[in-house]
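Readers should treat all values here as calculations from the given coordinates under stated rules, not as data from a laboratory. Quick caveat: nothing in here was measured; it's all calculated off a predicted structure. Cβ coordinates were reconstructed from backbone atoms using ideal geometry, including for glycine residues, and neighbour counts include every protein chain displayed.
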Amino acid sequence: MRHILNRIAMSAMLGLLGLTPAVSADPAPRLVLQITVDQLRGDLIARDLDRMGNGGFRYLLDEGVAYLDAHHAHANTETIVGHATLATGAHPAAHGMIGNVWFDRGLGRLVYNVEDGDFPILGAGAGVDKSGEIDPTQKAAGTDGRSPRAIMTSTFGDELAIAQGGTAKIFGVSVKDRGAISMAGHAGKAFWFSKKIGEFITSSYYYDRYPGWVTAWNARRLPFDYAGKSWELLYDRASYRNGDRDDLDYETALPGFGRVFPHPFGPADGKLFTTLLTTSPAGDALTVDFAKTLIDAEELGRDAVTDYLSVSLSSTDYVGHLFGPSSLETEDQILRLDRLLADLFAFVDDRVGLDRTLIALSADHGAADPPGYLAELGVPARYLDPAAWNREPGLARLRERFGLGAELISAYFHPYVYLDREAIAAADLDQEAVERAVAEEIMRLPGVGLAVSSSALANGDYPEMPIIRSVLNNYNPSRSGDVFVVFEPHSFINDFDGLTVAAHHGSPWRYDTFVPLIFAGYGLQARNVARRVETVDLAPTLSAIVGLKPPSGAAGSPLAEVLEAVNP
């Protein structure tokens, strides 16, 4: 009966789109495998495709439906924002994950996107390692507890759980907690890697105690097999495009890891040992091994109920930040990632069958090349230091004008400026007028391309421009700051809580919004599509194929080419 209803839903959806319904022997996939490669800019696959095998990226491109001009439509292209968008089909304005952190006015502090004090991490000593962590968003967290409750809309996984009465198995796995939690949604279960103890962990939101298979995987201590080893080049150095570009002064040299191959991981008890694993292909390898164990242990795709597994691979992001997307390190990372995907797909084919598995691959955001690299090519670029803005005479005059002094701005965490609303009200000032004046003054600062106030967005007081539309897609009244700041193209902050990095992301410019979007498996007929699409279309497309209603805040539409490509 379920298959019949799914077939009816599929036919109805195709009919609404004016398409001819394809008849499949099994109208619902046994497994939906969603892969998100953190910081995989849309052009990075093609750069090295000629050196890739047949089972990874080439399989996706040769056998799947690939969109060649896919973009995120929101302005703050950060990890949680992109992941939540891919999971929900909604813009951050609706799903609420407007940034990796935001200022909570009720708490009076920055909060981390998936922090939740009601649900502590399971296990002793398995919390956030704030001392050896290169990700400053972790330092912003007020608690080690984690849950998806801050996501304001449903995800594809949630809709799958609702439709199947809770019988579908739904999981998210990643090195990053936000990469796992956002994709698993409210109804699924999530596991992520603790750099503090070198194990995959979860929180009490999901379990009272760890499943036996997780305990057994952690007991194998696979991460510690890398002790005393190094990240070596996969091939002979002469075969790499960037083989002679392995010691660039703008690259980040983490202690002991350096900026030249080989990159040593150091001893198992080293302060940065587990962090260094994630800044190399080892992080992805551990994630995939854990995901394969999960597939077997939880018997995903083994019955008629559609299951869901999200695998978010984080190493490309860490490597990109440290060395840049056009570095030798990123080149080797992508080639190794291709092999890893081929291994995962082969495993899924053996356990479930790729003809019964619907694969969707995308990225949470792209990335900019470092100014040092761009300068070699004559492209203007620069790093910015917003901390120096307080010394600008224009802002000083603004504080004097309103008589607020240091109380004018409560917090700045890019891209949002948060004003002290209580001080503004106490001074009997008009909030909108202050926002407008601050935005106008920030627009005069070096490196700023746009500053728009939240009151202007709320009132519709803005010109109709693509960049403004992307800022509006990021605007959530309860979480957004009072002024959204967009830097000029190729202008970046490169300071992460004291750590200077080579490359960054987070803008509405195309190098940050451009990502791959590929659907494969499940008998899809291969096709390349050149028209522009948006990442909010991914979740509604999965919903249409499986026969679900779209997630509650979905702004995208099912992609016609994918529905047409379902194998007859």
Query - Overall Cα dimensions of the stretch 153-258, principal axis frame, Å, largest first - result: 56, 31, 24
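Over every pair of different alpha-carbon atoms in the stretch 382-489, take the mean of 1/r and invert it; report that Kirkwood radius in Å. Numbers along the way, then the final one.
Numbers: mean 1/r = 0.0707 Å⁻¹.
Final number for the Kirkwood radius of the stretch 382-489 is 14.1 Å.
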Query - Long-range Cα-Cα pairs in the stretch 231-350 (distance over 16 Å), rounded percent - result: 64 percent
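Among Trp213, Trp192, which comes first, second and so on when ranked by fewest other beta-carbon atoms within 10 Å?
Details: Trp213 14, Trp192 26.
Listing Trp213, Trp192 from fewest to most nearby Cβ atoms yields Trp213, Trp192.
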Query raised in the report: So what's the angle, to the nearest 10 degrees on a 0 to 90 scale, between helix 2-16 and the longest Cα principal axis of the chain?
Result: 60 degrees
Query raised in the report: Classify the stretch 336-438: rounded, prolate or oblate, from the alpha-carbon gyration tensor (a ≥ b ≥ c, eigenvalue square roots; a/c under 1.5 rounded; otherwise prolate if a/b is larger than b/c)?
Result: oblate
Report task. Would you mind checking which residues have amide H under 5 Å from Ala190's amide H? H placed 1.01 Å from N; only 5 or more apart, or other chain. Result -> Gly172
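Write down Rg/Rh for the stretch 84-127, rounded to two decimals, with Rg from the C-alpha atoms and Rh from the Kirkwood relation over Cα pairs. It would help to have the intermediate numbers written out before the result.
On the way: Rg = 13.2 Å, Rh = 12.4 Å.
Value, to two decimals: 1.07.
What list do you get for Ile442, Ile409 if you sort them by fewest beta carbons within 10 Å? Don't skip to the answer; put the middle values down first.
Working: Ile442 24, Ile409 21.
So the ranking, lowest neighbour count to highest, is Ile409, Ile442.
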Query raised in the report: With axes computed from alpha carbons, what is the tilt in degrees of helix 328-351 against the longest principal axis of the chain, rounded to the nearest 10 within 0 to 90?
Result: 40 degrees
Query raised in the report: Short version: ³J(HN,Hα) in whole Hz for each residue of the stretch 529-544, in order, from phi by Karplus 6.51 cos²θ - 1.76 cosθ + 1.60 (θ = phi - 60°), x for Gly and Pro, what are they?
Result: 10, 8, 5, 6, 10, 10, 5, 5, 7, 5, 4, x, 5, 4, 4, 5
Query raised in the report: Whole number please: convex hull volume per residue of the Cα set in the stretch 258-308, in Å³?
Result: 104 Å³
Report summary line: Taking Lys and Arg as +1 and Asp and Glu as -1, residues besides Arg146 with C-beta under 13 Å from its C-beta add up to -1
Query raised in the report: Which order do Lys549, Lys189, Lys169 fall in if you start with the one that has the fewest other Cβ atoms within 10 Å?
Result: Lys549, Lys189, Lys169
Report summary line: For the stretch 415-461 (alpha-carbon point model, no solvent) the Debye-based log₁₀ I(q)/I(0) at q = 0.16, 0.22, 0.25 Å⁻¹ works out to -0.45, -0.80, -0.96
Query - Calculated log₁₀ intensity ratio I(q)/I(0) where the Debye formula runs over C-alpha points of the chain, q = 0.08, 0.12 Å⁻¹ - result: -0.52, -1.19
Query - Entries of Lys169/Lys292; Lys169/Lys189; Lys189/Lys549 with Cα pairs more than 18 Å apart - result: Lys189/Lys549
